[in-house]
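First up is the structure itself, then whatever we jot down about it.
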Amino acid sequence: MREYKIVVLGSGGVGKSALTVQFVQGIFVEKYDPTIEDSYRKQVEVNGCQCMLEILDTAGTEQFTAMRDLYMKNGQGFLLVYSITAQSTFNDLQDLREQILRVKDTEDVPMILVGNKCDLEDERVVGKDQGANLARNFNCGFLETSAKAKVNVGEIFCDLVRLINQKNPEKVPKRKKKSNCALL
Amino acid sequence: MAELGDVRIEESLKVKIGEAKNLPSHTVSNSGRSTFCSIKIDSETIYKTSVVEKSLNPFYGEEFQGEIPKKFRFLSFMVHDNGSKTDKIIGKVTLKKDELYRYHNKEHWFPLTPIDVDAQVQGKVHLEIRFDEILNTEPESFSSHRMAVRILECSDLTVINGSCNPYAVVMVTHTKSKHKDVKRTNVKKKTICPNFDETFFFDLENKGQNHDRNLYTFDDAFNGELSISVWHDDSKVSREVLGNMFPGAFLGEVKIPLRDLDIQSVHKAWYCLQARENSKQSRLDLGSLRLKISYTADYVFLSHYYNDLRCLILRSCDVRPISASAAYLLGEIVDNRAEAAQPLLKLTYHHGKLVLLVKALASWEVSKTVDPNTLFRGNSLVTKIIDELMKFIGLPYLHSTIKINIDDICSEQKPCEIDPSRLKDGENLSENMENLKSYVLKIIDSITASGLVCPTAMREVFHAIKESAVSQYSGMPTIRYLVVSSFIFLRFFAPAILGPKLFELRPDTQDSTVNRTLTLISKSIQGLVNIVSAKNISFGLKEEYMVPLFESLSDPIHVDKVKMFLDIISSSCGAHLRNIEAPIILKEGTLIKRAQGRKKFGLKNFKKRYFCLSNQHLSYSKSKNEKPLCVIPIEDILAVESLQEESFKMNYMFQVVQPQRALYVQAHNCVEEKEWLDILTKVCNTNKNRLRTYHPAAMVNGHWLCCKSVDIMAVGCTPVSGGLPVTEIKVNIDSDREVEKIHSLFLTNMDKLDAYQDCMRNATDACGCQEVYSGDTEPHPMLVIDDTKICFETVTEIQKCVISLEQEHKRYVKLVQRQTVIGSIDAPIGEDCNSTSRL
């Protein structure tokens, strides 16, 4: 089974852990406990293929930048998460993306821009079009999510797996199972 | 208008060494290499990373930060192979000082280039060249010339394998005849600044040309080239036994076409030594190195130039709304808020306005935050200022609190893995759990017992943010713990435990097992803090394997301890708490010291000792954990100054002057020397009996080298270096320099300020300005304007201050350009970087 190393990045309090735990356990964590570094494994089926996702949920505070470098070096795909209720969390992503590209030394890194807390429509300050524009600028995927209402949570992870597949198609195993393993 | 002497240049360097990739493999074994990376300014190594074992893509992940105390031309990074016995350099990155701005604060991959011995050149040579006309007695002959080349001295030569025994070779090459005239100076021992003062004569008319004089015109003689090369005489053997077969190591050369010299005048100038051209440059791919370099040179004027801008910034804490203050606006226009937070913190701290500013910014942020759970979690100006405060004054506190625990963890190497899927063979889960738990509890005990020694400024700031949060969310009893812990734990203790090297808790990076242990401890402690600040306790949602540990940590004993600690460090502290601060270690490390002569017949030899400076004394011992051999109370330090190299023919030496004697100490490099000098000067600055004069050199062979006095107790001959006015013992802040930094931040972001101003001018009514970052253009952060009128006034004032300061800078640059004498020691001929170019 192919393994995928996914790293969840973004400022503090945007809901990185909530999204990850919702995806892995199917539960919404109400508390905003700061994370130092948590890792999870989950098996999913994407396009008919079984994939083992190794998800690294990271700290939002910037004191951990030296670690961040290491996550970026080791990660294959990245979720860049902001909260639609806080402009600064959206602005912070520019630097994060730039750092990923520098560390990877390429322009083409599988990543998805994620606007979380879309259930809090009343408190929205970052418009959906802003997110879409930034994603176009980043040349990456974009979805608005809600860990609480379970909106698009599975999708961001599966889309990211597809992007990783696109960039690094798996070498077709010897016993051919092409029919149910159509890669995008 | 500023005079030349009124301006000082303060240079600082910050480097992140990320990683290397695609290093060449060993040709034989084709395996990985053990490597480390070093930083050099010119030929001096100022930093080394830890060794990364067996990898061709080593990840270093280290940071260096320091003040650069001397003029330099090149900044280099060397990747060393640690496997071989002799130091082998795989490749290097060399950057000229004047191209550093191009890479400023941005990460880059730099290709590694091969080491070229002939290119490792630094320093300069002082020459005097004149021409004497020789009148021939024979009536029909032309006058001929004799050139006198006087080699006066050199300075800052390269040190090779720890020594430098320089000599110079003077050579005149005649283009046409290919004839070479070679002369050399004597060898000077153990000095990088040799004083040769030898003169050599060259006849510029070839012998034998009298027969056919017409063939040689006067010009021909001048078609040649004068070259002066400097060499390190590395072995007596090669010189005396092998008869000069090997000239020694090349230190640099200067080539002057004779045509360029004016025969009528005496030509006396300093020249930069240049690298030798090397034809055999290999084109090997040596891999590349990822670096982030921030180099800044602040041109600091006299204090009064900064008064306007300083007042404007310090007034910020009284401006309401705070979002219309100069400090807030600075935080909005910079690319990275930490850049603004550093000078703002130091300036407001120095002038006693920090707490007021934090209070104002925190209250404003509280009022803008919708969900109290996310309070102070983002990267706002106030969170950055508190971050910087903890880094700036909190390190001694951090060290005295948990260094001993971290040292134990790193040396004991007990297995602590509690994730069943990561267990190694033969490891026992419950045993590991006990190991981990015991480490965690020890650290919690250390931290929770440290409440009273937490630095006052940190406690005052925590008090301020707690008050602002509690007043808004009075119905939420845990909010006080939530906000204080989000600084002291989430941004201070937790990252320090995770990366002890970055917080100077450990001298080197740890292996992966210890790193994992530290990660688990950091997670556990943050987990306990999360329990403390939670309304109701629930586990089991996040990582499963952590649950049993969290359950045992949730015992009220631990929870209450943490609560009490958080309460103490955020209490409004009275004066009674200030005096119980225990001795705090300020700096420690290995240095070489000369015997002080405390014993009458002791040898005056040099020995390696482990030095430790606390806020109460300076002491040294044989090695780290041994009893001190000598303890000098801070009150006994009368002066701290550097020591002239000629005293012991050793560089990076400084002296700690005491009532009866002086202690002479040698650091490893100029950066380290400056760090010790700075911190020692700070701690003894308030001593009442500080000296006014001192001896810049040592007493050798019965007399002071500096003033020739033979009396050991003779009063110093040179005034002590001024030092800056200091109000606090522990931290020395250069207020003018901080304002200068703020000035240059405003200046580089002037376009944004102008844009805000236009925007506000157009908005007739308040709150009309909403510049929204749409995502598809360059990110222009949205400026929240609460009061257009006040904000407009502030922006106008900032522009006024910045423009007038900038005019002063421009005037200064012109003045420097006018007064620079090419060929003087400060502006040698052939220097490729013009130190006066500021913009």
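A compact table of results
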{"quantity": "Residues that are open to solvent by less than 10 Å² (accessible area, probe 1.4 Å) and more than 9 Å from chain A (Cβ to nearest Cβ), drawn from the range B:526-546", "calculated": "B:L528, B:V532"}
{"quantity": "Test for B:S468: is it over 29 Å from B:I404 (Cβ atoms), in the same structural domain as B:S570 (by TED's automatic domain parsing) and surrounded by 17 or more Cβ atoms within 10 Å (Cβ to Cβ)", "calculated": "yes"}
{"quantity": "Among (1) open to solvent by 40 Å² or more (accessible area, probe 1.4 Å); (2) in contact (Cβ under 8 Å) with a residue 60 or more places away in the chain; (3) not small (G, A, S) - the single one B:N669 does not satisfy", "calculated": "(1)"}
{"quantity": "Residue within the range A:132-155 that is open to solvent by 10 Å² or more (accessible area, probe 1.4 Å), at the interface with chain B (Cβ under 9 Å from one of its Cβ atoms) and part of a loop (DSSP other than H, G, I, E, B) present", "calculated": "no"}
{"quantity": "Residue count, the range B:287-336 (criterion: of a type outside the set (S, T, Y) and within 22 Å of B:L100 (Cα to Cα))", "calculated": "12"}
{"quantity": "Residue within the range B:378-390 that is over 28 Å from the mean Cα position of the chain (by Cα) and among the aliphatic types (A, V, I, L, M) present", "calculated": "no"}
{"quantity": "Subset of the range B:423-437 [exposed (fewer than 15 other Cβ atoms within 10 Å of the Cβ) and under 18 Å from B:I409 (Cβ atoms)]", "calculated": "B:K424, B:E427, B:E431, B:E434"}
{"quantity": "Subset of the range A:43-85 that is of a type in the set (D, E, K, R) and free of Cβ contacts under 8 Å to residues at least 24 places away in the same chain - its residue that is surrounded by the fewest Cβ atoms within 10 Å (Cβ to Cβ)", "calculated": "A:E45"}
{"quantity": "Selection within the range B:683-709 - in contact with a strand residue (DSSP E or B) (Cβ under 8 Å, 6 or more places away or on another chain) and outside any loop (DSSP other than H, G, I, E, B)", "calculated": "B:V683, B:C684, B:T693, B:Y694"}
{"quantity": "Failed item, numbered, when B:M78 is tested on (1) in a strand (DSSP E or B); (2) modelled with pLDDT of 85 or more; (3) open to solvent by less than 60 Å² (accessible area, probe 1.4 Å); (4) out of contact with any Cys (no Cβ under 8 Å at 6 or more places or on another chain)", "calculated": "(4)"}
{"quantity": "Residue match in the range B:338-358 (condition: under 30 Å from B:K535 (Cα atoms) and at pLDDT 95 or above)", "calculated": "yes"}
{"quantity": "Residues of the range B:153-182 classified as open to solvent by 60 Å² or more (accessible area, probe 1.4 Å), part of a strand (DSSP E or B) and over 17 Å from B:H126 (Cβ atoms), total", "calculated": "2"}
{"quantity": "Complete set of residues in the range B:488-505 that are closer than 22 Å to A:Y32 by Cα and more than 10 Å from chain A (Cβ to nearest Cβ)", "calculated": "B:I488, B:F493"}
{"quantity": "Criterion violated by A:D119 - all others in (1) open to solvent by 70 Å² or more (accessible area, probe 1.4 Å); (2) within 14 Å of another protein chain (Cβ to nearest Cβ); (3) in a loop (DSSP other than H, G, I, E, B) satisfied", "calculated": "(1)"}
{"quantity": "Tally, over the range B:61-75, of residues that are open to solvent by 60 Å² or more (accessible area, probe 1.4 Å) and either within 12 Å of chain A (Cβ to nearest Cβ) or assigned to a loop (DSSP other than H, G, I, E, B) (or both)", "calculated": "3"}
{"quantity": "Count of the range B:1-60 residues which are closer than 30 Å to B:V813 by Cβ, assigned to a loop (DSSP other than H, G, I, E, B) and of a type in the set (S, T, N, Q)", "calculated": "1"}
{"quantity": "Count of residues meeting criterion [within 11 Å of another protein chain (Cβ to nearest Cβ) and more than 28 Å from B:N373 (Cβ to Cβ)] in the range B:513-525", "calculated": "2"}
{"quantity": "Residue match in the range B:340-360 (condition: small (G, A, S), within 15 Å of A:Q87 (Cβ to Cβ) and within 14 Å of chain A (Cβ to nearest Cβ))", "calculated": "no"}
{"quantity": "Within the range B:8-22, tally of residues that are open to solvent by 20 Å² or more (accessible area, probe 1.4 Å) and among the aliphatic types (A, V, I, L, M)", "calculated": "1"}
{"quantity": "Selection status of B:L549, open to solvent by 40 Å² or more (accessible area, probe 1.4 Å) and either within 12 Å of chain A (Cβ to nearest Cβ) or not in a loop (DSSP other than H, G, I, E, B) (or both)", "calculated": "no"}
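Condition check ((1) open to solvent by 50 Å² or more (accessible area, probe 1.4 Å); (2) within 21 Å of the chain's Cα centre (by Cα)) across all residues:
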residue	(1), (2)
B:S288	no, no
B:L291	no, yes
B:I313	no, no
B:D335	yes, no
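The values are calculated or read from the model by the stated rules, or taken from the named source; none is laboratory data. In this text, all values refer to a predicted model and were calculated from it rather than measured experimentally. Glycine also receives a Cβ, built like all others from the backbone with ideal geometry; neighbour counts cover every protein chain displayed. Areas reflect the complete protein model, heavy atoms only, side chains present, ligands, DNA and RNA absent. Shrake-Rupley method; radii C 1.70, N 1.55, O 1.52, S 1.80 Å.
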